[in-house]
Amino acid sequence: QKEVEQNSGPLSVPEGAIASLNCTYSDRGSQSFFWYRQYSGKSPELIMFIYSNGDKEDGRFTAQLNKASQYVSLLIRDSQPSDSATYLCAVNPLSSASKIIFGSGTRLSIRP
Amino acid sequence: GAGVSQSPSNKVTEKGKDVELRCDPISGHTALYWYRQSLGQGLEFLIYFQGNSAPDKSGLPSDRFSAERTGGSVSTLTIQRTQQEDSAVYLCASSRLAGGSWGNEQFFGPGTRLTVL
């Protein structure tokens with residue numbers, strides 16, 4: 001089992017709809033969780049981080065964490081074509097407390 | 001500077017030559033990470049520095065790869081006797097802290113695209 005798993009996609013969502021990206025992780029003791037956006041040919045850009053169970057909202061983005069079920073998700077409301085990118089989930093596991101483990105990413109495509 | 005900087009942005013070299021890639025982290029960040037990303041692939045962890053502690057080299061793919069961090073700031077990743085399979089984007093990231101909660105968010109530089117002919 002991979003430490004951090006994401007569906008590779010592509011996930012196609014119509015403009016204006018809600019895009020839902022999911023991620024599961026294997027280390028139950030993981031403490032911090034991140035979502036990065038990566039445009040083609042660019043480096044990853046941090047868009048959200050969450051440490052506690054529940055929801056964290058920032059503009060059109062909401063991160064949701066459920067430690068009991070070991071998943072973290074990212075919701076993008078009112079999706080725009082500019083949201084089309086690969087979204088990387090990253091987790092700081094207890095087993096490697098100094099590292100962040102990245103998932104392989106979900107490619108999101110917003111269709112006009 | 002405001003963000004992580006890396007140089008060069010692009011490097012083309014011939015097989016068998018040595019290359020040096022540089023990373024300048026965000027001022028005040030104690031942790032520095034190197035990753036490699038091949039085309040269409042995920043991030044591959046290479047090495048991690050935290051303050052004055054011994055680096056975590058567990059991700060280095062071979063002994064041709066080495067890295068150092070001088071004065072707790074700038075880091076150099078060196079690849080000796082480059083091979084074609086070393087072609088990738090090399091990304092550097094820094095964080096204020098490492099491990100645990102709060103302050104361990106990583107911020108990435110723009111990367112160095114290495115092409116080995």
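Round to a whole angstrom and tell me the spacing of the C-alpha centers of the range A:38-61 and the range B:56-83. Each part's Cα centre sits 29 Å from the other's.
Each listed q (0.10 Å⁻¹) maps to a log10 I(q)/I(0) for chain B, found by the Debye formula over equal Cα scatterers with no solvent: -0.27. When you filter the chymotrypsin sites (Phe, Trp or Tyr not before Pro) in the range B:1-100 for DSSP loop state and at most 14 other Cβ atoms inside 10 Å of their Cβ, nothing is left. Projected over every direction and averaged, the convex hull enclosing the alpha-carbon atoms of the range B:1-66 yields 5.7 nm². By the Cα gyration tensor, the range A:13-112 has an equivalent ellipsoid whose semi-axes, rounded to whole angstrom, run 24, 15, 10 from largest to smallest.
Can you give the average number of partner chain beta-carbon atoms within 10 Å of each beta-carbon in peptide A:99-107, as a whole number? Mind dumping the intermediate values first?
On the way: counts 11, 13, 2, 7, 2, 4, 4, 0, 1.
The shielding value for this peptide is 5.
Neighbouring Cβ atoms from other chains, within 10 Å of the Cβ of residues in A:35-43, number 3 on average. Once Rg and the Kirkwood radius are both taken over the C-alpha atoms of the protein assembly as shown, their ratio Rg/Rh works out to 0.97.
For A:Ser84, nonlocal amide neighbours, meaning residues 5 or more places apart or on other chains whose placed amide H falls under 5 Å from its own, are A:Ile110. For chain A, the relative contact order comes to 38 percent (Cα pairs under 8 Å, sequence separation of at least 6). Sorted from longest to shortest, the spans of the Cα atoms of the range A:1-60 along the three principal axes equal 36, 27, 22 Å.
A 20 angstrom limit on the alpha carbon distance is what I want to check against. Which of A:Lys42/B:Lys15; A:Lys2/A:Lys67; A:Lys42/B:Lys17; A:Lys2/A:Lys99 exceed it?
Among A:Lys42/B:Lys15; A:Lys2/A:Lys67; A:Lys42/B:Lys17; A:Lys2/A:Lys99, the Cα-Cα distance tops 20 Å for A:Lys42/B:Lys15; A:Lys42/B:Lys17.
Based on alpha-carbon atoms only, what is the radius of gyration of the range A:58-106 relative to the globular estimate 2.2 N^0.38 Å?
Working: Rg = 12.9 Å, N = 49, 2.2 N^0.38 = 9.7 Å.
Relative to the rule-of-thumb radius for its length, the range A:58-106 sits at 1.34.
Read the figures in this text as sums done on the coordinates, not as results from a lab. Bear in mind the structure is a predicted one, so any value in this text is a computation, not a measurement. Positions of Cβ are generated from backbone atoms using ideal geometry, with glycine treated the same way; all protein chains shown enter the neighbour counts.
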